[in-house]
Structure formats: C-alpha cells, structure tokens
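Structure, as structure tokens:
The values are calculated or read from the model by the stated rules, or taken from the named source; none is laboratory data. In this text, all values refer to a predicted model and were calculated from it rather than measured experimentally. Positions of Cβ are generated from backbone atoms using ideal geometry, with glycine treated the same way; all protein chains shown enter the neighbour counts.
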Amino acid sequence: MDRKRRISIIGSTGSIGTQALEVIEKLQDKFEIIALAGGNNIELLKQQAEKFKPKYIYAQKHIKIDGIRTLESLDEIAQNQENDIILVACSGKIGLRPTLKAIENGIDIALANKETLVMAGDIVMKKAKENGVKIIPVDSEHCAIHQCIKDISQVEKLIITASGGPFLHKSIEEMKTATVKEALAHPRWNMGRKITVDSATLMNKGLEIIEAHHLFGMDYDDIDVVVHPQSIVHSAIEYKDGSVIAQLGLPSMHIPIQYAISYPERFEGIKSKSFSFSEIARLDFEKPDFEKFPTVKLAYKAGKIGGSATACLNAANEEAVFAFLDGKINLYQIYEITKEIFDNHKVIQNPTIDEIFEVDEKIRLQTKELIEKITQK
Ligand code: MG
C-alpha cells in the first residue's frame, strides 16, 4: 500500500489498545488513525486523542475535544469506509456487534476480543467469508498459528501453548486460598485483569481453543494444548507429513499486535531485544493437568456441543471471575460455578445474534444468583 494504512481502535485505553498505540507511535509513517474509542477512562482517552489526533472519538461517557468529532456509537466507527482495518481491542461482549458491522461493511479486522469468536464464531466467520474480510488474530497463540499456516488443508493439528499461569505447580488447595493479588501475578504476560484471572484457571486456554476452532476451521479433536512455562513458543502446527512449524519470540504483545495491524507486510515497530536461543537456553513442555485445571475440558465440551453453549460458558465464567475479583468466591469456585450453570443450560443450536445476547444476559443473571446463594451460606 502506497499511502498510510487507515486504522481505528475500539478499546484504545485498555491493555491491548495502549500497546497498539505504542506500536503506532513508532510507525507514524505507516498508519493514520481514523477513530479511537474508549470506555470509561476519559482522561487517558483525551491524552491519546491529543497525541494521535484521530478524526473521530467515542467514549461511553460524554467527551469533547476541540477539532475532533465525537461519535454517538461504536457502529459509526464500524460503518466508516475510511477504515482499512479496525483493531477490536476491547474486552467483553461489547466488541461483538461493531465487529459484525465492520465485517458487513467489508473492513478488515485485527481481532483481540475473545468474546467475538467464543460467543458467535459461526456467524462471524461466515459473514467474514461472504464479505471477503480478513480476520487477523492478535491473541499471541492464534497469531502464531496464523504465521505458521500456508495451506490449512495440509494441517493435521494445531498445538496451542499455555504458560500455565501462576498456579501451574501449586495444589488445588492453594488455588482455593489464593488472593486476588496472587492470581493477578502472571509470571510471563502483562495483561488486563479478567484475562489474567482466566490464565490462572486456564479458562483462557479453553476460550482460545474455541477461538482457534473458528479462526482456522479445525475440529476440536485436532487442537492440542501443551503447557510451556517460558512462553517463548507461542503455538505450533503439525502438517500431515509430520513437519511441525512453530512461531517463537519473546513474550511481548507488541509483536502480535504489530503483525496483525501490518499484515501482510511486516514493519519494524517495537522490537526491544533481538532473539537469542542461547540466552533462553531451555524450553520446557508438559501435559496440562486437567484435574487441577478442568476449565479446559469444559471448554472442549462446550465447543463440541456448539450453538449457544460457548456463549453460556463465556458469560458464566466472566461473572464468576468478577465475583472472584470482588472477593466473593475463591479461584477454584470460578470453575465450579461455571460448570453448574453450564450443565443446566438448554443449548440453542444455530442461534441468531439476538438469541446469543439473550443467552448471555440470562446466564449472567443466573450466575449472579448462584453466587449470591453460595456466598450467603
Ligand atoms: Mg493468548
């Protein structure tokens, strides 16, 4: 592309959004920012807008900046044909509708929002195909697989790596008494609070299996998880002929972010340090302990059932994570609560988007009620 690539960021004040702006700051000759959208951190959004001078801005609260047009909704960003690509960097279900709208408008997506595929992967991928839209994953594992795959029809299986989080070699008892601070102390990655708790229970890996299924069209039985504590191998694929291709790099989200927004080119944005095998010295791998981390099995089950099952899993887990962060339940109860809600869910096959949102709301209510019941005992 001769001209600058025109990008909007939904969720610019979050963990991925701020790191994306660090990348773009280094690549100012490559990118022009069309719109920035943030949630409630108005101060940070204002600072970003003053620095990066987007044409438009959107926030959930009232915001006004001289010389920048304030938008009324995220849909206005998603419909804007000035965009070459939209980075969906927000977390939560709020990312789903604007992503679908952008796809309908033929705009490519750099996707960091897990809920989009976990809640509605079938609908999103079908629409992307119909509209010739590229969905480039930002999640480091999927970004790794995206980089390894040449021809998906020749791939035997996907191998997703998991760092194992802070409780990898701790007992279930220790998980039950873990503080929020301990759960948020991820040994390798610097991420938002919700996803860090998901990494501690390994539900994050479960959600990533579902994402991988949709992104690459692989059967769940052909998606493996391996624990790799150093987080250097970001994932791998095995071809039918036995060749295994992995993508490696230092654990920094800057790399997958700049890959996704630059694709199919590769720009030199932020590269803190050159990679050295000898400095890393060793790479360890082990089987995940599904007894201690049953969330992964639950995610496989939800994925295989399909329909509204994954939206249910996502909503129940998220509400349980919030309850943990509020100090209401322990870390292990996140799984127990999610499982109970999941087991009682009547799955809708081939749900519409509206039905998915209805399931999401209903499940959140049920989960909150269950948590109330448990904590009142
Ligand atoms: Mg990941």
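Here are some notes:
Here's the yes/no breakdown for (1) in the same structural domain as GLU208 (by TED's automatic domain parsing); (2) touching a Lys or Arg at 6+ places or on another chain (Cβ under 7 Å); (3) in contact (Cβ under 8 Å) with a residue 24 or more places away in the chain:
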residue	(1), (2), (3)
LEU313	no, no, yes
LEU325	no, yes, yes
LYS328	no, no, yes
THR338	no, no, yes
ILE341	no, no, yes
HIS345	no, no, yes
PHE357	no, no, yes
ASP360	no, yes, yes
GLN376	no, no, no
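- Any hit, the stretch 145-153, residues being farther than 22 Å from PHE357 by Cα and in contact with an Asp or Glu (Cβ under 6 Å, 6 or more places away or on another chain): no
- Among residues of the stretch 127-153 that are farther than 22 Å from SER163 by Cα, those with a Cβ under 8 angstrom from a residue that is of a type in the set (Ser, Thr, Tyr) and more than 13 Å from the ligand (Cβ to nearest atom), sequence gap 6+ or separate chain, pair up as LYS134/TYR263; ILE136/TYR259; ILE136/TYR263.
- Counted as qualifying within the stretch 258-361 are the helices (runs of 4 or more DSSP H) with 3 or more residues that are of a type in the set (S, T, N, Q), namely 309-325.
- Boolean, GLU279 is of a type in the set (D, E, K, R) and over 21 Å from ALA89 (Cα atoms): yes
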